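Taking it in order: structure first as structure tokens, then the write-up.
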Amino acid sequence: MNRLSFESLDVRVQTVGRNFVPLNMNLSEMHVKGDFLADLNISLENDSIGVSGDLTAKNANAEFGATRLNEIISGLSMSEPEEEDDKWPVDVALHIKADSRVQISYTTFLRAVVVPGTELDVMYSGEEKRLALDGEVPIRSGEIVYLNSSFYIKEGEIHFNGSDESFDPSVSVIAECKTRDEDSEPVTIRLEVERQRLSQMTPRLSASPAKSEREIMEILGGIITGNSDNAASLALATGDYALQTVIVRRLENALRDFFKFDIFSVRTMVVQNAVKQSVERNSSASDNLSGNYLDGTTVYIGKYFGDTLFADAMLRVDYDKNRVGNQYAYEGISFRPELGFELASPFAKIRWSMSPDLESILNMKLVENTALTLSWKFNF
């Protein structure tokens, strides 16, 4: 009996009904955590483990390529991971379907809500440490960070190709950033990407009202590009990145789970605003109002109601010293809300949105700030 051993072992794992169970899975470039319905086959044979079958994800977050993209985005030197001696290498072949509240993220660089019903194939070789994904993943809402500014995604898609030698998916994204120019006038900057690798992304930028490429870059770069002579501003740029990564992201995830939102985003420029104020502290144009620190803060939430109706809301806080004493601003602070509903129909997407300021709300001038949009796409 002491020489008895199994030649092979097959196990069937299946959840009962609609009872989702928690799952935490780490496969090289992908870390997935959330609740799942499972129908899996697990086999042990020839000193290896094979996992195959179907998963349905709910209240889940999939984080991809954290190590590699951290190097690309922040330029930090990442230490090489220690080699692990896996006695039982695991091979994975899964078909994953998204239910509700499924989010894809690439650290603080890209975060997006996956459209319910999306399907994706995941393959992983434990011996080669190679991850491959295959499928087109439509995303709805979310944010992408570019030039230290948050662009909120209007529509997009992540393209995974299982035949790629390295894990570097392509993205197609249309996103917008609402900000102000040097004259404190509101500007909407549009970012467009069409099937570009994440590691080589060079988006096309446009603005409304129209701006030149240089003007757009100065607006987005803010204190870094527009006032590059301020060395302290450039040095502290990474402080804003760290604040978003370490502190704000934890708060976002906690509030997202508590309120059951599909996405909850808070973007703050506290570090950069503090640097600007300290640099200009002795100038006659400076002031010490707390509104300076809140300038540029944006809160964004989004939630699916069923599989077809998506609602989102955004609140942006702007500070303008010229509006101090204005009846429609508080100590120079203006609140700019935006509310929208989008319905996916068989032939077109229907979106109703409203973006009034406080002056429009108090004077009941809402129609001029309301829009109804129809959009569709054909592939040839």
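The values are calculated or read from the model by the stated rules, or taken from the named source; none is laboratory data. All of these numbers come straight from a predicted model, not from anything done at the bench. Here Cβ is always computed from backbone atoms with ideal geometry, including for glycine, and neighbour counts include all displayed protein chains. For accessibility, only protein heavy atoms count, side chains too; no ligands or nucleic acids. Shrake-Rupley method; radii C 1.70, N 1.55, O 1.52, S 1.80 Å.
Some notes on this structure:
- Candidate set: the range 116-147, residues that are open to solvent by 40 Å² or more (accessible area, probe 1.4 Å) and of a type in the set (A, V, I, L, M, F, W, C); chosen: the one farthest from the chain's Cα centre (by Cα): Met123
- Breaking point among (1) open to solvent by less than 60 Å² (accessible area, probe 1.4 Å); (2) of a type in the set (Gly, Ala, Ser); (3) within 22 Å of Trp88 (Cα to Cα), for Gly34: (3)
- The criterion of at least 1 residues that are of a type outside the set (A, V, I, L, M, F, W, C), at pLDDT 85 or above and open to solvent by less than 40 Å² (accessible area, probe 1.4 Å) is met by the following strands (runs of 3 or more DSSP E) wholly inside the range 262-380: 263-267, 297-305, 309-319, 333-344, 349-354.
- Some residue of the range 90-108 being open to solvent by 20 Å² or more (accessible area, probe 1.4 Å), more than 10 Å from the chain's Cα centre (by Cα), more than 30 Å from Lys260 (Cβ to Cβ) and not charged (D, E, K, R): yes
- Scanning the range 26-37 turns up one or more residues that are assigned to a strand (DSSP E or B), modelled with pLDDT of 85 or more and charged (D, E, K, R).
- Qualifying residue in the range 196-212 (condition: on the phi > 0 side of the Ramachandran plot, part of a loop (DSSP other than H, G, I, E, B) and of a type outside the set (Asp, Glu)): no
- Subset tally (residues that are modelled with pLDDT under 90 and within 14 Å of the chain's Cα centre (by Cα)) for the range 155-172: 1
- Ala254 being assigned to a helix (DSSP H, G or I), modelled with pLDDT of 80 or more, of a type outside the set (Lys, Arg) and over 21 Å from Ala175 (Cβ atoms): yes
Okay, residues lined up against (1) of a type in the set (D, E, K, R); (2) out of contact with any Asp or Glu (no Cβ under 8 Å at 6 or more places or on another chain); (3) under 15 Å from Tyr106 (Cα atoms); (4) assigned to a strand (DSSP E or B):
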| site | (1), (2), (3), (4) |
| --- | --- |
| Leu120 | no, no, no, yes |
| Met123 | no, no, no, yes |
| Pro138 | no, no, no, yes |
| Asp168 | yes, yes, yes, no |
| Glu176 | yes, yes, no, yes |
| Glu182 | yes, no, no, no |
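- Within the range 39-51, tally of residues that are assigned to a strand (DSSP E or B) and either touching a Lys or Arg at 6+ places or on another chain (Cβ under 9 Å) or modelled with pLDDT of 95 or more (or both): 4
- Residue, nearest to Leu220 (Cα to Cα), within the range 170-191, restricted to residues that are among the acidic types (Asp, Glu) and either touching a helix residue (DSSP H, G or I) at 6+ places or on another chain (Cβ under 8 Å) or open to solvent by 50 Å² or more (accessible area, probe 1.4 Å) (or both): Asp181
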